[in-house]
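The values are calculated or read from the model by the stated rules, or taken from the named source; none is laboratory data. Quick caveat, the model's predicted, so the values are computed rather than measured. Counting neighbours? That spans all protein chains shown, and the Cβs are built from the backbone with ideal geometry, glycine included.
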Amino acid sequence: RQELLRVDHLKKYFQTPGGLLHAVDDVSFSIRRGETLGVVGESGCGKSTLGRAILRLHEPTSGEIYFKGENIRNRSREKMKELRRNMQIIFQDPFASLNPRMTVSQAIAEPLLIQKIYTDRDKAQIARLVREMMDLVGLAPRLVNTYPHELDGGRRQRIGIARALVLNPEFIVCDEPVSALDVSIQAQILNLMQDLQDKLGLTYLFITHNLSVVKHLSDHIMVMYLGQMVEKAPAKQLFANPQHPYTKALLSAIPVPDPEFKTERIILQGELTSPINPGEGCRFARRCIYASEMCFKQNVALKEVEKEHFVACHLVEQATDQERRREL
Ligand code: SF4
Ligand code: MG
């Protein structure tokens, strides 16, 4: 499959009173057309900033973003607005992202007016498209003139999805789209998103703090910690053979033990430290039960341990070096 998006050495730093916040710190990856990359980590690890920086809702500090082969990092605001038809975002809290004074129909039509695809006068075309979108995301036609507060969380998120899809995009950043929903509704929305991907050939960057949410949806999963990618692998492989201590800890935190998860269970200790002035060494060192002196002093680089499986950990690096020596 063809590459749709590629991100090279992307950084997004914020100046804060306490110092320079390394929200996204040198992240590189690509996503092929029609695939889903799950991005996982605790809140504060930089996942949302990453999603927004790709769409340039936050201007990246440095690095490159290629969409369909074109570098969009320095595109003008006006040209970026055009491109946004093709690159959409679905937000975590559909209630906060919907205007309470807009009906379902108005909310779904709004992106068409903002993008000047239609004007207020094109009532028939707009109504037809709204009906089509409501059908696509499973909203009953009778809801067309209702308001967000009259609907449950699941239906509100269906409106959010319809708003993203009405411009017919190829790429969607899904920023914790089910985290605010009841568990029973989460599965419905995830199934809908999978169906829409299959039907429309969508490509997703799917952000979540919950690994089990992206397990079945993702082709690849990337784990982030304090602005950096610490592990990335095909989804099955990440679950079957996690290598980074942080990934193992996240997997251990899944309440219902996964039968496929056979490695040791690590309980995550301590709190997420601050990405402000992070300094040298592995950023996970203060919480890692395997941390050695070296981990606090020496930066870690990503290493490919198996095909398409990357890990940034001194321990894993040493183990693969030893293995290689044995093979020689
Ligand atoms: Fe733990 Fe060291 Fe690996 Fe960091 S580099 S995850 S501190 S073992
Ligand atoms: Mg998929």
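Those residues that are hydroxyl-bearing (Ser, Thr, Tyr) and either in a strand (DSSP E or B) or farther than 20 Å from residue 50 by Cα (or both), I need them from region 217-229; list them, please.
Step one: of region 217-229, the residues hydroxyl-bearing (Ser, Thr, Tyr) are 218, 225.
Within region 217-229, 225 is the sole residue that qualifies.
Do we find that residue 120 is in a helix (DSSP H, G or I), acidic (Asp, Glu) and more than 16 Å from ligand 1 (Cβ to nearest atom) in this structure?
Numbers: in a helix (DSSP H, G or I): no; acidic (Asp, Glu): yes; more than 16 Å from ligand 1 (Cβ to nearest atom): yes.
It is false that residue 120 is in a helix (DSSP H, G or I), acidic (Asp, Glu) and more than 16 Å from ligand 1 (Cβ to nearest atom).
If I go through region 65-85 residue by residue, how many of them are farther than 27 Å from residue 209 by Cβ and surrounded by 15 or more Cβ atoms within 10 Å (Cβ to Cβ)?
Filtering region 65-85 down to residues farther than 27 Å from residue 209 by Cβ leaves 66, 68-83, 85.
Going one step further and asking which of them are surrounded by 15 or more Cβ atoms within 10 Å (Cβ to Cβ), we end up with 66, 68, 72-73, 75, 80, 83, 85.
Matching residues across region 65-85 total 8.
Go through region 86-102 residue by residue and tally those that are more than 22 Å from residue 199 (Cβ to Cβ) and surrounded by fewer than 18 Cβ atoms within 10 Å (Cβ to Cβ).
The qualifying residues number 7.
Test residue 232 against the criterion of being basic (Lys, Arg), within 14 Å of ligand 2 (Cβ to nearest atom) and either modelled with pLDDT under 95 or not in a loop (DSSP other than H, G, I, E, B) (or both), and give yes or no.
Taking the combined requirement at face value, the residue does not satisfy it.
Determine, yes or no, whether residue 200 is modelled with pLDDT of 90 or more, farther than 21 Å from residue 305 by Cβ and either out of contact with any strand residue (DSSP E or B) (no Cβ under 6 Å at 6 or more places or on another chain) or more than 15 Å from ligand 2 (Cβ to nearest atom) (or both). Don't jump to the end; show me each part of the working.
Working: modelled with pLDDT of 90 or more: yes; farther than 21 Å from residue 305 by Cβ: yes; either out of contact with any strand residue (DSSP E or B) (no Cβ under 6 Å at 6 or more places or on another chain) or more than 15 Å from ligand 2 (Cβ to nearest atom) (or both): yes.
The answer is yes for residue 200.
Among the residues that make up region 58-81, is at least one of them within 16 Å of ligand 1 (Cβ to nearest atom), over 15 Å from the mean Cα position of the chain (by Cα) and of a type in the set (D, E, K, R)?
Initial filter on region 58-81 (within 16 Å of ligand 1 (Cβ to nearest atom)): none.
No.
Across region 208-226, what is the total count of residues that are over 21 Å from residue 248 (Cβ atoms) and more than 9 Å from ligand 2 (Cβ to nearest atom)?
0
Being without any contact (Cβ under 8 Å) to a residue 24 or more places away in the chain, surrounded by 13 or more Cβ atoms within 10 Å (Cβ to Cβ) and basic (Lys, Arg) is the requirement here; does residue 307 meet it? Before the answer, list the steps.
On the way: without any contact (Cβ under 8 Å) to a residue 24 or more places away in the chain: yes; surrounded by 13 or more Cβ atoms within 10 Å (Cβ to Cβ): no; basic (Lys, Arg): yes.
In short, no.
Considering only region 303-328, state which residues are hydrophobic (A, V, I, L, M, F, W, C), assigned to a loop (DSSP other than H, G, I, E, B) and at pLDDT 95 or above. Please lay out each step first, then the result.
Step one: list which residues in region 303-328 are hydrophobic (A, V, I, L, M, F, W, C), which gives 305, 310-313, 315-316, 319, 328.
Subsequent filtering for residues that are assigned to a loop (DSSP other than H, G, I, E, B) retains 312-313, 328.
Within region 303-328, 312, 313 qualify.
Could you figure out which of (1) out of contact with any Lys or Arg (no Cβ under 9 Å at 6 or more places or on another chain); (2) over 30 Å from residue 301 (Cβ atoms); (3) assigned to a loop (DSSP other than H, G, I, E, B) isn't true of residue 160?
(3)
Spot the failing condition for residue 117; the list is (1) under 20 Å from the mean Cα position of the chain (by Cα); (2) farther than 23 Å from residue 10 by Cα, and only one is missed.
It fails just one condition, (1).
Hey, any hits in region 134-141 for a residue that's among the small types (Gly, Ala, Ser) and touching a residue at least 24 places away in the same chain (Cβ under 8 Å)? If you could, list the steps in order and put the result at the bottom.
Looking only at region 134-141, we keep the residues that are among the small types (Gly, Ala, Ser), and these are 138, 140.
Now restrict to residues that are touching a residue at least 24 places away in the same chain (Cβ under 8 Å): 138.
Within region 134-141, one or more residues are among the small types (Gly, Ala, Ser) and touching a residue at least 24 places away in the same chain (Cβ under 8 Å).
When the residues of region 131-150 are narrowed to those that are outside any helix (DSSP H, G or I) and farther than 14 Å from residue 106 by Cβ, which ends up nearest to the chain's Cα centre (by Cα)?
Only one residue fits best here, namely 137.
I need the full set of residues from region 290-300 which are more than 8 Å from ligand 1 (Cβ to nearest atom) and in contact (Cβ under 8 Å) with a residue 12 or more places away in the chain, in order please.
Step one: filter region 290-300 for residues more than 8 Å from ligand 1 (Cβ to nearest atom), giving 293, 297-299.
Within region 290-300, 297, 298, 299 qualify.
Kindly indicate which of 51, 34, 69, 18 is closer than 23 Å to residue 271 by Cα and of a type in the set (Gly, Ala, Ser). It would help to see each step written out before you state the result.
Values: 51 fails: closer than 23 Å to residue 271 by Cα; 34 fails: closer than 23 Å to residue 271 by Cα; 69 fails: closer than 23 Å to residue 271 by Cα.
Criteria check complete, one pass: 18.
Residues of region 192-216 being under 12 Å from the mean Cα position of the chain (by Cα) and in a loop (DSSP other than H, G, I, E, B), which ones?
Going through region 192-216, the residues under 12 Å from the mean Cα position of the chain (by Cα) turn out to be 203-211, 213-214.
If the condition is that a residue be under 12 Å from the mean Cα position of the chain (by Cα) and in a loop (DSSP other than H, G, I, E, B), then 209, 210 are the ones that fit.
Please count how many residues of region 110-125 are closer than 23 Å to residue 178 by Cα and buried (at least 17 other Cβ atoms within 10 Å of the Cβ).
We begin by selecting, within region 110-125, every residue closer than 23 Å to residue 178 by Cα; these are 110-111.
Filter once more, keeping what is buried (at least 17 other Cβ atoms within 10 Å of the Cβ): 111.
Counting residues in region 110-125 that are closer than 23 Å to residue 178 by Cα and buried (at least 17 other Cβ atoms within 10 Å of the Cβ) gives 1.
Being under 12 Å from the mean Cα position of the chain (by Cα) and of a type outside the set (A, V, I, L, M), is that true of even one residue in region 227-239? Explain how you work it out, then say what you get.
Let us first name the residues in region 227-239 that are under 12 Å from the mean Cα position of the chain (by Cα), namely none.
There is no residue in region 227-239 that is under 12 Å from the mean Cα position of the chain (by Cα) and of a type outside the set (A, V, I, L, M).
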